[in-house]
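The values are calculated or read from the model by the stated rules, or taken from the named source; none is laboratory data. Just so we're clear, the structure is a prediction, and the values are computed from it rather than from any experiment. So basically every Cβ, Gly included, is an ideal-geometry build from the backbone, and we count neighbours across all protein chains shown. The accessibility values were calculated without ligands, DNA or RNA, using every heavy atom of the protein model including side chains. Shrake-Rupley method; radii C 1.70, N 1.55, O 1.52, S 1.80 Å.
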Amino acid sequence: MRVVITGAGGFVGREICRQLLLRGDDVVGLDVNGGGMSNGIRKIVGELSDPAVRRELLSADFDAVIHLATVPGGAAEIDPAASRGVNVDAMYDLLLEAAERQPGVRVVYASSIAVLGDALPATVDDQTPLSPKMIYAGHKAMMEHAIAMFSNRGMIDGVTVRLPGILARPKGPSGMKSAFMSDIFHALKNGEPFECPVHPDGTIWAQSVITCAENFIRAVHLDSALLPPTRAVTLPAIRISLQDLAAEIASQCGVPVSLVSYNPDLALDAAFARQPLLVTSAAERAGLAHDGNPAILIRNALSLI
């Protein structure tokens, strides 16, 4: 297959490219930072909002588009106009142009559990309505509807996957308010103290980047008849408390869990560490999966740090 990937130099994009190349697929990747993209793919460096860049990206025949490029949550709150420009306007244009170039093409869109908002009900399932609060989440929700509309019109064959916390992102600024979920991995692997900004009993939904990439590749091939009418599914995830996450990371790294202390930020805790029971029946019917158990999740996450 030939797969077009936006955001190919990002955390999830690099792992998807790695797995596609191992399968023998042909990858065309776009990113604003060419240095972040994998060797072995055709690299296009530029802004998704640039029509000339999009034309180059879609210039050759392709079998699927995986759309990851985004202005993330914290950065979108600081600059809502930039978020709209990339997360809404450029994506909408990309969908139009992909549909014109390859009518009915499979498009896999990376949305986020942030579209569900907070506070959440006691159980989140496929019937839970969207109630975004953050700018980023609102723009993601808008484009979930665009994926459904374009699919209903037969222009594309779209799949929206809502990402939980994906672990463990590279160390350093990411523009994501949920970065603490990954920072704890880096600190404990290096035997360093870590001050967690949410309560120890706070719960998150998590998936390793290895499993996340596997799910995107499955989404390229899944039967759209298995999808709900919205074309959107929430990825299956491991629900785990921060104290249990810390204990398992510490155990696998051979360091004392006492390196972790807690100084909760109430806003962060409410937005990112109060995630309830999660039922992902639609995603599972479509063949998507989580890591299996917390030990595997953490082993997978540590393996790429």
Rounded percent of accessible protein surface that carbon and sulfur make up, segment 1-107, 1.4 Å probe: 50 percent
Once you put a point 7 Å from the Cα of ALA267 and another 7 Å from the Cα of ILE78, both along the Cβ direction, what distance in nm separates them? 1.4 nm
Which labelled figure in [x] 23.3; [y] 14.2; [z] 18.2 is mean projected area of the Cα convex hull in nm², once derived from the coordinates: [y]
What percent does the relative contact order of the chain come to when contacts are Cα pairs within less than 8 Å and at least six residues apart? 18 percent
Note the full-extension length gain between GLU97 and THR230 as 0.36 nm times their separation in residues minus their Cα-Cα distance, in nm to one decimal. 45.7 nm
Sequence-distant lysines (8 or more away, or on other chains) whose Cα lies within less than 18 Å of LYS177: LYS133, LYS140
Return one number: the angle in degrees, 0 to 90 and rounded to the nearest 10, between the long axis of the Cα atoms of helix 242-253 and the longest principal axis of the Cα atoms of the chain. 90 degrees
Roughly how big is the chain's charge dipole about its Cα centre, with Cβ charges of +1 (Lys, Arg) and -1 (Asp, Glu), in debye to the nearest 20? 360 debye
Between VAL45 and ALA122, take the C-beta separation as r, use R0 = 35 Å, and let me know the FRET efficiency to the nearest 0.05. 0.15
Can you work out the Karplus-derived ³J(HN,Hα) for every residue in segment 271-283? Use 6.51 cos²θ - 1.76 cosθ + 1.60 with θ = phi - 60°, whole Hz, and x for glycine or proline. 7, 10, 10, 10, 8, x, 4, 10, 10, 10, 4, 5, 5
For GLY158, which sequence-distant residues (separation of 5 or more, or a different chain) have an amide H within less than 5 Å of its own amide H, given hydrogens modelled in the peptide plane? VAL107, SER151
Karplus-derived HN-Hα couplings along segment 95-109 (A = 6.51, B = -1.76, C = 1.60, θ = phi - 60°), whole Hz, x at Gly and Pro: 4, 4, 6, 5, 5, 5, 6, 9, x, x, 5, 6, 10, 10, 10
Run through the DSSP bridge list for the chain and note the antiparallel percent, rounded to the nearest 5. 10 percent
Residue-wise, which Karplus ³J(HN,Hα) couplings in Hz belong to segment 208-215, taking 6.51 cos²θ - 1.76 cosθ + 1.60, θ = phi - 60°, and x for glycine or proline? 6, 5, 4, 5, 4, 5, 4, 5
Nearest-10 value in Å² for the accessible area of LYS189, using the 1.4 Å probe: 90 Å²
How large is the helix-only mean residue ellipticity at 222 nm for the chain, computed as the sum of -39500 (n - 2.57) over DSSP H runs with n ≥ 4, divided by its residue count, in deg cm²/dmol to the nearest 500? -11000 deg cm²/dmol
